[in-house]
């Protein structure tokens, strides 16, 4: 194995799959390197999803070997909160390429884990997390200013064009009041929960370009 170990960075396991009898390939999201794949050998019981880890790996190529994996915080997700966490992990896997550092991604995911573990309302947590995870990769969203939106106006958002007023009931339409809540990290009013979900789903689907989210069917 060549190359020095990387500096320790924090991260989480998004997904794991068996490689050989005694090793697994981990898909990681780290604070400094973005998405990284690494091999872990042995049982490595602490290297599980929904655990904040101090991580370091060694080796060149697409599959370095994990050298350090020390637990820093465990997020106890069960039942519906576990399904929501799995959905967010898959969303990160599908949205972000490997080794493309996106500093905002890990804090957004950790915040969502913590809110789910605290049993906050799942749909509210998911909408906030979806917006936060899309924001670094959708150039139009960063120009959506909650202070400039009209709560009584309905809007339609096109990733290449931005926001434009539209009629209520049109495909992709969302009330300004709901959009203000999304853009400011607040809870969407209950009467706009479904339009907000559909609005975020359409945005996500645009970025996925036809790739499916298997966990979406479980929500």
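Nothing in this text is a laboratory measurement; each read-out follows from the coordinates by a stated rule. All figures in this text were calculated on a predicted structure; none of them were measured in a lab. When we count neighbours, we look across all protein chains shown, and the Cβ atoms used for this are built from the backbone with ideal geometry, even at glycine.
Could you work out how far helix 79-95 tilts from the main Cα principal axis of the chain, as a 0 to 90 degree angle to the nearest 10? Relative to the chain, helix 79-95 is tipped by roughly 90 degrees. Here each label is just a point 7 Å from Cα along the line to Cβ, and for residue 186 and residue 121 those points are 1.3 nm apart. For region 32-123, the alpha-carbon coordinates run over 42, 28, 18 Å along the three principal axes, in decreasing order. Put simply, region 9-74 fits an ellipsoid with semi-axes of 16, 14, 10 Å; these come from the alpha carbon gyration tensor as the roots of five times its eigenvalues, largest first. Calculated mean residue ellipticity at 222 nm for the chain: -10000 deg cm²/dmol, from DSSP H runs with n ≥ 4 weighted as -39500 (n - 2.57), summed, divided by the residue count and rounded to 500.
The distance linking region 45-76 with region 147-183 is 40 Å (Cα centroid to Cα centroid, whole angstrom). Can you tell me the orientation of helix 105-117 relative to the chain, as the angle in degrees between its alpha-carbon axis and the longest Cα principal axis, to the nearest 10? The angle comes out near 80 degrees. On the principal axes of its alpha-carbon atoms, region 79-218 has extents of 36, 32, 27 Å, going from largest to smallest. Output the 0 to 90 degree angle, nearest 10, between the alpha-carbon long axis of helix 122-134 and the longest principal axis computed from the alpha carbons of the chain. Roughly 80 degrees, rounded to the nearest 10. Multiplying the residue separation of residue 217 and residue 202 by 0.36 nm and subtracting their alpha-carbon distance yields 3.9 nm.
Assuming R0 = 30 Å, can you tell me the calculated FRET efficiency for the pair residue 209 and residue 22, based on Cβ-Cβ distance, to the nearest 0.05?
0.25
Highest mean packing comes first when the peptides 56-64, 121-129 are listed by Cβ atoms within 10 Å, giving 121-129, 56-64. When peptides 110-120, 70-80 are sorted by average Cβ neighbour count within 10 Å, with the highest value leading, the order is 110-120, 70-80. Specify the residue with the greatest mean-square fluctuation among 32, 164, 90, computed from a Gaussian network of the chain linking alpha-carbon atoms under 10 Å apart. Answer for the Gaussian network model of the chain: 164. Full extension of the chain segment joining residue 68 with residue 98 gains 8.8 nm, where the gain is 0.36 nm per residue of separation less the Cα-Cα distance.
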